[in-house]
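Read the structure below first, then the notes.
The values are calculated or read from the model by the stated rules, or taken from the named source; none is laboratory data. What you see is a predicted model; the values in this text were computed from it and never measured. Positions of Cβ are backbone-derived with ideal geometry, glycine not excepted, and every protein chain shown enters the neighbour counts.
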Amino acid sequence: MSKQDYAKAKGRAWEKEIIEYLRESGFPHVERRRLAGSADRGDISGLPGLVIEAKHERTYRLPEWVRQAEVERDNDGAGVGVVWARRNGQPGAGHGFVIMSGEQFLVLLREWYGG
């Protein structure tokens, strides 16, 4: 298996882990989204208005990842784009990090608190 194939397999396994975690947490409609090239709309679908970009990498590249999630959010026409990154040394999606810009967090706050 090439290094690139191994990285893709890790990424798919992480996406599956997030999906299983969300389904077990009461979100039964989440699923892995097909790749769409330059019009990518995130890795996980089934949560209207939200784009999730899954990352399973040892080195965190937050600015790049957040930009990617926001481009995918725009491609999808969603309100919020987030990165769900695997936490090094910690098993399970529940221990991962969900990362977003301050602007995206404000969108959630306004939605949550009606501001």
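Things to note:
- Check on residue 67, free of Cβ contacts under 8 Å to residues at least 12 places away in the same chain, of a type in the set (Lys, Arg) and more than 23 Å from residue 3 (Cα to Cα): yes
- Selection from the range 75-108 of residues that are part of a helix (DSSP H, G or I) and surrounded by 12 or more Cβ atoms within 10 Å (Cβ to Cβ): 75, 76, 93, 94, 104, 105, 106, 107, 108
- Positions within the range 1-28 being in a loop (DSSP other than H, G, I, E, B), more than 18 Å from residue 80 (Cα to Cα) and modelled with pLDDT of 85 or more, in sequence order: 2, 25, 26, 28
- Residue satisfying condition, being in contact with an Asp or Glu (Cβ under 8 Å, 6 or more places away or on another chain) and at positive phi, within set 79, 114, 89, 46: 46
- Options 42, 46: the member that is in contact with a helix residue (DSSP H, G or I) (Cβ under 6 Å, 6 or more places away or on another chain) and under 14 Å from residue 78 (Cβ atoms): 42
- Residue 86 farther than 19 Å from residue 108 by Cα and in contact with a Phe, Trp or Tyr (Cβ under 9 Å, 6 or more places away or on another chain): yes
- Considering the range 30-45, the residues that are out of contact with any Leu (no Cβ under 8 Å at 6 or more places or on another chain) and modelled with pLDDT of 90 or more include one that is farthest from residue 91 (Cα to Cα), namely 41.
- Selection within the range 48-71 - surrounded by 22 or more Cβ atoms within 10 Å (Cβ to Cβ) and either part of a helix (DSSP H, G or I) or β-branched (Val, Ile, Thr) (or both): 51, 52, 69
- Pairs are defined by a Cβ separation below 7 Å, a sequence spacing of at least 6 or placement on different chains, a first member in the range 14-29 that is over 17 Å from residue 51 (Cβ atoms), and a second member that is among the β-branched types (Val, Ile, Thr) and in a loop (DSSP other than H, G, I, E, B); the pairs so defined are 23/30.
- Close pairs from the range 89-101: first free of Cβ contacts under 8 Å to residues at least 60 places away in the same chain, partner surrounded by 11 or more Cβ atoms within 10 Å (Cβ to Cβ) and of a type in the set (Phe, Trp, Tyr), Cβ under 6 Å, at least 6 apart: 98/84
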